[in-house]
Amino acid sequence: AEPRLVSLPLSRIRVIMKSSPEVSSINQDALFLTAKATELFVQYLASYSYKHGRGKEKNALTYTDLSHTAEECETFQFLADILPKKILASKYLKMLEKEKRDGEVGDDNDEEEEDEDKAVGDSGGS
């Protein structure tokens with residue numbers, strides 16, 4: 001058995017590449033190079049995250065290590081939306097509630113300012 005040159009399945013990478021409207025056909029060399037580059041990138045991300053995260057302590061790479069790398073390392077910041085920090089659902093709901101309250105308070109303040117402007121305008125005209 002001959003060792004594979006890439007670990008990622010080329011058929012899946014072809015499907016992903018073809019999902020782009022700009023791609024009409026895919027050369028075998030381009031497919032192979034994309035697969036190899038993706039594989040090397042994932043290896044680099046994983047090793048960087050492991051070295052700079054808490055994974056060394058546990059001898060394991062965790063999602064938290066990956067999300068911390070995406071947030072803190074400039075090279076990987078484009079992944080911050082794909083690898084967000086995990087938060088508890090209860091914490092997220094509280095954040096949404098707070099934003100909603102802050103939004104309502106802001107709307108109320110705008111209305112109060114408009115009412116004050118009208119009152120000042122009415123009294124100034126008399």
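The values are calculated or read from the model by the stated rules, or taken from the named source; none is laboratory data. Everything quoted here is computed from the prediction, not taken from an experiment. Heads up, the Cβs are rebuilt from the backbone with ideal geometry, glycines too, and the neighbour counts pull from every protein chain shown. The accessibility values were calculated without ligands, DNA or RNA, using every heavy atom of the protein model including side chains. Shrake-Rupley method; radii C 1.70, N 1.55, O 1.52, S 1.80 Å.
Some notes on this structure:
- Residue ID - farthest from residue 6 (Cα to Cα), chosen from residues in the stretch 36-71 that are exposed (fewer than 13 other Cβ atoms within 10 Å of the Cβ) and at pLDDT 90 or above: 47
- Subset of the stretch 45-63 (residues that are in contact with a helix residue (DSSP H, G or I) (Cβ under 9 Å, 6 or more places away or on another chain) and either over 18 Å from residue 86 (Cβ atoms) or assigned to a helix (DSSP H, G or I) (or both)): 45, 46, 48, 49, 50, 52, 55, 56
- Selection within the stretch 15-33 - assigned to a helix (DSSP H, G or I) and open to solvent by 80 Å² or more (accessible area, probe 1.4 Å): 15, 16, 18, 28, 29, 33
- Residues that are in a helix (DSSP H, G or I), within 25 Å of the chain's Cα centre (by Cα) and not β-branched (Val, Ile, Thr), drawn from the stretch 1-14: 12, 14
- Scanning the stretch 76-86 for residues that are under 18 Å from residue 43 (Cβ atoms) and open to solvent by less than 90 Å² (accessible area, probe 1.4 Å) returns 76, 79, 83.
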